[in-house]
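Encoded as structure tokens, the structure appears first; notes follow it.
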Amino acid sequence: MSTMGDGTRAVRAGLPEPEQFEPSLPGPVFAAHFHLSGEPTGPYTYGRDTNPTWTHLERAIGELEAPGEPVETTVFASGMAAISAVLLSQARTGDVVVLPDDGYQALPLVREQLEAYGVEVRTAPTGGDAQLAVLEGARLLWIETPSNPGLDVCDVRRLVGAAHSAGALVAVDNTLATPLGQRPLELGADFSVASDTKGMTGHGDLLLGHVTCRDPELAAGVRRWRKVVGAIPGPMEAWLAHRSLATLELRIDRQCATALTLAEALGRRPGVTGLRYPGLPTDPSYPKAVRQMRRFGSVVSFVLPDRDRAERFLTELRLVEDATSFGGIRSTAERRARWGGDAVPEGFIRFSVGAESAADLVADVERALDAALSGV
Ligand code: PLP
């Protein structure tokens, strides 16, 4: 599988060997327990530990994260379950953990939890590789690149080199890029973590997360954590996720191409400021992004003059749903400041580009901007 193209790998990832009269992708296995006589060993014993539907999905994600390499993936009930599994299973009282200060908005909650357990948490921005300055004595460095929602990019190889020299492990939140955009383990990271609620599954109809590691001991720690807290995905979600992975390349290629087209169109509009898309050659993130990313993601961000105009823009859109989350086949956009927590202006829009036809989407955005910005 290591020499195949991404599309081939995506459609075949994790499929079991063909069996006469069986489907290519076996259906979800609904089981709390399995027949188990005698010694309780074997692959499937109890449904909180293992499930054959997870096994297929975990193999599929592993093949995308590190083609041809022996890695281990553990799937979780959500991205936050995956994030917490790494941070809370690795950090001990007295350890130092370095987080980004511009990452996903639930990270400050994780910070509180870590601090309650006596872990020292340091933060620094993603841009400018600023986390380098606070690595001394750290046990774990957490990177989110591109960052959500600011779309800054840090140099993963450089941060990994410095962190490993300082004796720290490195985890990368790869949600925005997906493994088709960036492969953190190839860049040297110890954990590749993602919310698969977003681009990986791409239909906005389920929550899921995963952690992939090369080191079997690190993987065992993550797996043990899942068993302890029971943050397991349901078999139906796991099966839907696997089914959705088959179209990952189709979806991501369309979404990334349209995101670039939209970013270029937004760049020509007076009244639109603060435009960010890591795949735009004029973007501050671009020089680093091209060195470590193969696709630049489906999220574009920009700023409209104030809250009212941003809300008017969102109301005017016909093809784009006003909703949070990103990476789905239906475009969504939101005024990010409505949540509080992110350091963004009132008119900041996070726009997630779906799989609509680019011309239709750009026309819808242009029309909504005409209405929202009239008189600016
Ligand atoms: N990481 C990033 C970058 C995210 O954007 C999100 C959710 O928006 C998460 C993690 C959390 O994922 P979930 O909502 O699946 O728990």
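A few notes on this one:
- Residues satisfying the stated conditions in segment 104-137, i.e. part of a loop (DSSP other than H, G, I, E, B), out of contact with any Gly (no Cβ under 7 Å at 6 or more places or on another chain) and more than 23 Å from ARG158 (Cβ to Cβ): ALA106, TYR117, VAL119
- Screening SER165 with (1) out of contact with any strand residue (DSSP E or B) (no Cβ under 8 Å at 6 or more places or on another chain); (2) more than 27 Å from ARG350 (Cα to Cα); (3) in contact (Cβ under 8 Å) with a residue 12 or more places away in the chain gives one miss only, at (3).
- Considering the conditions (1) open to solvent by 10 Å² or more (accessible area, probe 1.4 Å); (2) not in a loop (DSSP other than H, G, I, E, B); (3) not assigned by TED's automatic domain parsing to the domain that holds VAL29, LEU266 is excluded by exactly one of them, (1).
- Here LEU317 meets each of (1) in contact (Cβ under 8 Å) with a residue 60 or more places away in the chain; (2) open to solvent by less than 40 Å² (accessible area, probe 1.4 Å) with one exception, condition (1).
- Residue count for segment 26-62, restricted to those that are touching a helix residue (DSSP H, G or I) at 6+ places or on another chain (Cβ under 6 Å) and aliphatic (A, V, I, L, M): 3
- Candidate set: segment 185-200, residues that are of a type in the set (Gly, Ala, Ser) and more than 13 Å from the ligand (Cβ to nearest atom); chosen: the one most open to solvent (accessible area, probe 1.4 Å): GLY188
- Exactly one residue out of GLY137, GLY128 is away from the ligand (no atom under 16 Å from the Cβ), over 26 Å from ALA343 (Cα atoms) and either among the small types (Gly, Ala, Ser) or not assigned by TED's automatic domain parsing to the domain that holds SER165 (or both), and it is GLY137.
- Residue match in segment 300-311 (condition: open to solvent by less than 10 Å² (accessible area, probe 1.4 Å) and aromatic (Phe, Trp, Tyr)): yes
- Residues located in segment 341-371, provided they are surrounded by fewer than 23 Cβ atoms within 10 Å (Cβ to Cβ) and either part of a loop (DSSP other than H, G, I, E, B) or within 14 Å of the ligand (Cβ to nearest atom) (or both): GLY341, ASP342, ALA343, VAL344, PRO345, GLU346, ALA355, GLU356, SER357
- Set side by side, the residues ARG338, ARG291, ARG318 differ, and just one is assigned to a helix (DSSP H, G or I) and more than 16 Å from the ligand (Cβ to nearest atom), which is ARG291.
- Residue match in segment 30-37 (condition: surrounded by 19 or more Cβ atoms within 10 Å (Cβ to Cβ) and either among the hydrophobic types (A, V, I, L, M, F, W, C) or in contact with a His (Cβ under 7 Å, 6 or more places away or on another chain) (or both)): no
- Checked against the criterion of being out of contact with any strand residue (DSSP E or B) (no Cβ under 9 Å at 6 or more places or on another chain) and within 17 Å of ALA77 (Cβ to Cβ), the candidates THR3, THR50, THR8, THR41 yield just one match: THR50.
- Taking the criterion of being over 22 Å from ASP215 (Cβ atoms), of a type outside the set (A, V, I, L, M, F, W, C) and surrounded by fewer than 22 Cβ atoms within 10 Å (Cβ to Cβ), the residues of segment 120-151 that qualify are GLU120, ARG122, THR123, PRO125, GLY127, GLY128, ASP129, GLU136.
- Candidates in segment 64-119 are the residues that are within 15 Å of the ligand (Cβ to nearest atom) and among the acidic types (Asp, Glu); of these, the one that is surrounded by the most Cβ atoms within 10 Å (Cβ to Cβ) is ASP102.
- Number of the exception - ASN51 against (1) open to solvent by 10 Å² or more (accessible area, probe 1.4 Å); (2) more than 20 Å from the chain's Cα centre (by Cα): (1)
- Which listed residue is over 17 Å from the mean Cα position of the chain (by Cα) and in a loop (DSSP other than H, G, I, E, B), from ALA177, ALA189, ALA231, ALA162: ALA231
The values are calculated or read from the model by the stated rules, or taken from the named source; none is laboratory data. Owing to the predicted nature of the structure, the values given are computational and were not obtained by experimental measurement. Quick reminder, even Gly has a Cβ in these numbers, built from the backbone with ideal geometry, and neighbours come from all protein chains shown. These accessible areas exclude ligands, DNA and RNA; they are computed on the full protein's heavy atoms, side chains included. Shrake-Rupley method; radii C 1.70, N 1.55, O 1.52, S 1.80 Å.
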